[in-house]
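One structure is given here, and the rest of the page talks about it.
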Amino acid sequence: MNQYHAEPYKIKMVEPIKKTTKKERKTLLKNAGYNPFSLRSKDVYIDLLTDSGTGAMSQEQWGALMRGDEAYAGSHSFYRLESVVKHITQYDYFIPSHQGRGAEQVVLPEFVTHDDMVFISNTHFDTTRAHVEIAGATAIDCATPEAFDTSTYHPFKGNFDTQKLKKLIETHGKENVAGVILTITNNSAGGQPVSLKNLKATAQIAMDNNIPVIIDGARFSENAYFIKTREEGYADSDILDIARETFALADVFLMSAKKDGLVNMGGIIAINNDETLYKNVRSRLVPMEGFPTYGGMIGRDIDALAVGLKEGMDVDYLAHRIDQVRYLGDQLRHAGIPIQYPTGGHAVFVDCKAFAPHIPYHQFPAQSVVNELYLESGVRAVEIGSLLLGRDPKTNETVDTPLQFMRLTIPRRTYTQNHMDVVAEGVKRVYSKREQLKGLTFEYEPPVLRHFTATLKYVE
Ligand SMILES: *Cc1c(COP(=O)(O)O)cnc(C)c1O
């Protein structure tokens, strides 16, 4: 029997992709300032930069586009999505936003009622952290220590450290904690899941202290699948029931629909119970995102999302999705390549601190591996390490971190297992000459979000 679940769909439309030669890639990468963000996608053979908005829509979604109602106010499309969101979350209120960060910018400030407040999350995603800071608060991460031990198996490396959470609440004072943010799956820790047991314990601590609970649930369906397959007592549960049990723990649900919503653009805000909060968020939405029945989205895209949200919870789809990531991870692990293990929901994270230990963090070991992989095989991965983290605002030094990752992010329903083999072969070839990899330094360093537009050169 096949160890991995195969695709529960077949291909109806194809998009050609082109292989380049190694010689061409050398020039292309040099012209991109040794930063693959500056490559044109036509020069990339397999694009594993992100899983955000890069998936394939289904025939049902393309069909739904035709039903899109572009009415400025009261669009049918809105009511169709609203009924799906309410059905899944069982919350009282729904507001669309143009993407995840749009939801963050209108919701998070509502919880910041005075100076010196903090949000505590298992790990804040970078836009979430940015919006916490823009709202005048501080973002504190509180991940379980297993998240940082890449080589040891733990089924739920995305978990909160609940002991640390209690201490943090004590230290800061509960009145100064603006919210507890449950990031599911924990994107920055490697797409790692959070168990329901841990979610419940975390929510209970927040409730005991009267602290609002916010779910940052871009990948809530993938998380539910991990609970079904890894947590005791859930093997026979439906994805919907697990999702509902998760939502029942929180006051607000924010979602970048570009992930498990299976659309290219979109965001969701759902609010449980609190009419005042709903009204306040709605007022803030109008000047920032748009009228509350479109919130920055196009009517037809709202319809595609109403379908995509349900498809994203299909257990056969999830079984293949999670297995495709595991398939790539297993190929690398069997070749002795260090990865965050077990693999999470949307990407394989290669541990480049172990891959290229001779390159110090401030010369970006993971970026060096990313570049070499592109040269070897035309695959575009992304650095998640010190280049991305930037400089410490106080010391102005590049931030050191034990997690120097190359993220191989798998778009949904887009690539085949053969593509994964090409990726694995490329990484193996880079691994076989890892000692020759060189560190990088800046030629141009932008002041903020430097990884997107920096140009680099090799340290000789
Ligand atoms: C992608 C993501 C966001 C931000 O969403 P965008 O749609 O990119 O604005 C927020 N939180 C998590 C966990 C994410 O993965």
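Bear in mind these aren't lab numbers, they're just calculated from the coordinates by the rules spelled out. Being a predicted model, the structure only gives us computed values, none of them experimental. Cβ: placed from backbone, ideal geometry, glycine included. Neighbour counts: every protein chain shown.
Using every pair of separate Cα atoms, the Kirkwood estimate puts the hydrodynamic radius of the stretch 1-111 at 19.0 angstrom. So what's the gap between the Cα centers of the stretch 24-75 and the stretch 260-287, to the nearest angstrom? Cα centroid of the stretch 24-75 versus Cα centroid of the stretch 260-287: 25 Å apart.
Of the residues Pro96, Ala304, Tyr34, the one whose Cα sits farthest toward the positive end of the charge dipole of the chain, with +1 on the Cβ of Lys and Arg and -1 on the Cβ of Asp and Glu, is Tyr34. Listed by Cβ neighbour count within 10 Å, with the fewest neighbours leading, Glu231, Glu170 appear as Glu170, Glu231.
For the Cα atoms of the chain, what angle does the longest principal axis make with the long axis of helix 315-334, in degrees from 0 to 90, nearest 10? The helix 315-334 is inclined about 30 degrees to the chain. For the stretch 59-311, a/c is not less than 1.5, where a ≥ b ≥ c are the root eigenvalues of the C-alpha gyration tensor, and a/b does not top b/c. That puts it in the oblate class.
For Lys23, the aspartates and glutamates whose Cα falls under 20 Å of its own Cα, not counting residues fewer than eight places away in the same chain, are Asp43, Asp47, Glu372, Glu376, Glu425.
Net charge dipole, the stretch 70-190: roughly 300 debye, given to the nearest 20, about the Cα centre with Cβ charges of +1 for Lys and Arg and -1 for Asp and Glu.
Over 21 Å between Cα atoms: which of Lys228/Lys258; Lys22/Lys353; Lys164/Lys200; Lys428/Lys457; Lys10/Lys86 fall into that group? Table pairs above 21 Å Cα-Cα are Lys228/Lys258; Lys22/Lys353; Lys428/Lys457; Lys10/Lys86.
Remark: Val112, Val448, Val85 ranked as Val448, Val112, Val85, counting other beta-carbon atoms within 10 Å and listing the fewest first.
When only Cα pairs below 8 angstrom with a gap of at least 6 residues are kept, the chain shows a relative contact order of 22 percent. Descending by average beta-carbon neighbour count within 10 Å, the peptides 124-134, 343-353, 146-156 line up as 343-353, 124-134, 146-156, the highest first. In the chain, helices alone account for a calculated mean residue ellipticity at 222 nm of -11500 deg cm²/dmol, with every DSSP H run of four or more residues adding -39,500 (n - 2.57).
Given +1 at the Cβ of Lys and Arg, -1 at the Cβ of Asp and Glu and no other charges, the dipole of the chain around its Cα centre is 1540 debye to the nearest 20. Here, the chain has an Rg and a Dmax of 21.6, 61 Å when only alpha carbons are counted. Note on Asp421 and Glu245: the model spin-label points, each 7 Å out from Cα along the C-beta direction, lie 3.9 nm apart.
In the chain, the longest principal axis of the Cα atoms and the axis of helix 365-377 are about 70 degrees apart. Both the radius of gyration and Dmax for the stretch 283-326 are 15.5, 43 Å, in that order, over alpha-carbon atoms. Listed from fewest to most Cβ neighbours within 10 Å, the set Leu328, Leu437 follows the order Leu437, Leu328.
Extension gain for Val14-Ala73 works out to 17.6 nm (0.36 nm per residue, less the C-alpha to C-alpha distance).
Model label points for Asp392 and Lys42, set 7 angstrom from Cα along the Cα-to-Cβ axis, are 4.5 nm apart.
Counting only alpha carbon atoms, the long axis of helix 299-311 and the longest principal axis of the chain meet at about 80°.
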